[in-house]
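Sending over a structure as structure tokens; questions will come in a sec.
Coordinate-derived values only; no laboratory data. Here the structure is a predicted model, which means the values were calculated and not measured. Cβ: placed from backbone, ideal geometry, glycine included. Neighbour counts: every protein chain shown.
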Amino acid sequence: MKQYFSKQSLLWVCLLQTFLIVFQSGCKKRDDLISLNTGTIEPTDLFYTDTITVLSSTVREDSIPTRMSSNQQLAGKMNDLLFGISESSIFSQVRLAILNNPISPVTGADSAFIYLTFTSEIASYGNLNSTQHFSVYELNADLDASKTYYSTDSISYNQTEIGSYSGSFNLVDSVRVKDSTFSNTAPGIKIALTKDFANKLINAGPGDVNTQSSFANYIKGLCIKPTGNPASGEGAVVGFNFKAVSTQIHVYYDGDKHINFLLDSAAVKFSQYKFSQQPANITIQKNNPLLNFDTTYVQALTGAKTFFRFPNLFSLAKDNKIFIHKAELIIPVYKDVISSQYKAPTRLLLNQPDELTGRNLPLIDLISSESTYGGKYDVALGQYKFTITRHIQDLFSSYLNDGDNFNFGLYLTNTIDLPITASRILIDTRKSNPIEQRLRLVIIYSKL
């Protein structure tokens, strides 16, 4: 449905919107922004459409870099009735708090534990009251500071367990920890370590503690891995903050002595994501990505993303070149699957598929102006809204000026930037919804 608006009623409003977009994108010239411009734009009519065909399906998410946000990492295992089993493990180096400080204990280690600090109360996904299990293992191979680690990567580790944890995630209450004295520290979990591994930490020789590199050769790092098989509706995944000073290893030795080892932001680390037992509603879509479905899925930990296609987009310019004043993609969700246990993502991302690899690429609208791009969840309306004016205009520019069709669709994904979020959402793509509650691409444009 195209609706016509008189120049007197909406022209100046839309031209003002165009000016704001240009201004917020770095005050670039309009012909720098709109490549169709071959002269002075003198629109005589403004047009509005919200009936561009949008096809939707759930597709596989590629592996994503998980070292890029190394201050925060996800860990845990959960069984979501709608998405199946998801889990995340952490691989991390251990670093010295002080160089050239060999311990040479007299009686050896008394006890030791890893303290992992939670990111925040909102960085969680699942049933926090269910019992979570972790095992800790020592790495057999080096973590490479020059390498980009992805969510499907793994590092070889010794199969002998050197630490374990069983308990729920309390994201609110502080925890009592002893350094030189007892004190309360930020909410987190304490993972007990074996005395054998604690003794290895404090028995490092002078040649092992003279540099961080030599210590990394002595102890290559740790794998913190969730274990067990949570029942449906049980388990959780949470974010841990490796920038927090409280995230570290504590070792107590010789009766009354204590030393810390670091798991800080300078330590090379990454998260490994796995998912299994996804229900047929998701797997059928993944096996038929070019069909259209009434419900699609978006999940953290690379479980799923939504693929939008716009097959008749260029029909807007079948008779004339056009100038895009504004383009918005409005994405409604199923609000009845949102709860305190399964919170809606506070923000989602729209990406374009890479022409060659199909991987996620950021839109020019996000790069130019994150504030106008949008993507935050509107609780009242139950939707996400993205302003993608520049992306849509670039598609038309390439198609009409050069004959290039870069209309590959868009991917809707969970965020992988800071803060890392563990969450999921169901997208309501039903065409039977009233227009104001429908998935739609809204475009305001003029003909040239």
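Taking percent of Cα pairs over 41 Å apart as the quantity of interest, determine which of (i) 30; (ii) 21; (iii) 16 was computed from the displayed structure.
Entry (i).
So between ASP404 and SER168, what do we pick up on full extension, going 0.36 nm a residue minus the alpha carbon distance?
Details: separation 236, 0.36 × 236 = 84.96 nm, distance 5.40 nm.
That works out to 79.6 nm of additional length.
Hey, another quick one. Say we join alpha carbon atoms closer than 10 Å with springs in a Gaussian network model of the chain; which of GLN277, GLN248, GLN285 then has the biggest fluctuation?
Residue with maximal mean-square fluctuation among GLN277, GLN248, GLN285: GLN277.
Under 8 Å for C-alpha pairs, at least 6 residues apart: give me the relative contact order for the chain, rounded to a whole percent.
Working: 1083 pairs, mean separation 119.2, N = 448.
For the chain, the relative contact order is 27 percent.
If you don't mind, another one. Kindly express, to the nearest 10 degrees and within the range 0 to 90, the angle between helix 389-402's C-alpha long axis and the longest C-alpha principal axis of the chain.
Around 60 degrees separate the two axes.
R0 = 30 Å: FRET efficiency of ASN351 with GLN159, Cβ-based, nearest 0.05?
Values: r = 38 Å, r/R0 = 1.27.
FRET efficiency, ASN351 to GLN159: 0.20.
Among VAL54, VAL177, VAL333, whose mean-square fluctuation peaks in a Gaussian network model of the chain (Cα, cutoff 10 Å)?
In the Gaussian network model the winner is VAL177.
Which FRET efficiency value, to the nearest 0.05, do you get for LEU291 and SER213 by plugging their Cβ-Cβ distance into 1/(1 + (r/R0)^6) with R0 = 60 Å? Could you put the intermediate results ahead of the total?
Details: r = 52 Å, r/R0 = 0.87.
E(calc), rounded to 0.05, equals 0.70.
Return the subset of LYS190/LYS257; LYS321/LYS376; LYS200/LYS220; LYS326/LYS376; LYS269/LYS305; LYS321/LYS431 for which the Cα-Cα distance in this structure is over 23 Å, preserving the input order. It would help to have the intermediate numbers written out before the result.
Working: LYS190/LYS257 19 Å; LYS321/LYS376 32 Å; LYS200/LYS220 12 Å; LYS326/LYS376 18 Å; LYS269/LYS305 25 Å; LYS321/LYS431 29 Å.
Those over the limit are LYS321/LYS376; LYS269/LYS305; LYS321/LYS431.
Go through region 346-409 and name the chymotrypsin sites (Phe, Trp or Tyr not before Pro) that are in a DSSP coil and have 15 or fewer other Cβ atoms within 10 Å of their Cβ. Each step should come with its number before you reach the end.
Working: sites: TYR373, TYR377, TYR384, PHE386, PHE396, TYR399, PHE406, PHE408; in loops: PHE406, PHE408.
Loop-located and lightly packed - PHE406.
Also: On average over all directions, what projected area in square nanometres does region 72-267 have, based on the convex hull of its Cα atoms? Provide the component values of the computation, followed by the final result.
Working: hull surface 44.0 nm².
In nm², the orientation-averaged hull projection of region 72-267 is 11.0.
Let me ask another. Placing +1 at every Lys and Arg Cβ and -1 at every Asp and Glu Cβ, with all other atoms neutral, what dipole size does region 265-379 have around its Cα centre, in debye to the nearest 20? Intermediate values should be presented prior to the final figure.
Details: 13 positive and 9 negative charges, 57 e Å.
In debye, rounded to 20, region 265-379 gives about 280.
Hey, got the dipole for the chain? About the Cα centre, +1 on K and R Cβ, -1 on D and E Cβ, debye to the nearest 20?
Working: 40 positive and 39 negative charges, 130 e Å.
Dipole about the Cα centre, nearest 20: 620 debye.
Hey, another quick one. So, R0 is 56 Å and r is the distance between the beta-carbons of ALA97 and ASP319; what FRET efficiency does that work out to, to 0.05?
Values: r = 70 Å, r/R0 = 1.25.
After rounding, the FRET efficiency stands at 0.20.
Any idea how far apart ASP142 and ASP254 come out in nm if each label point goes 7 Å out from Cα toward Cβ?
3.2
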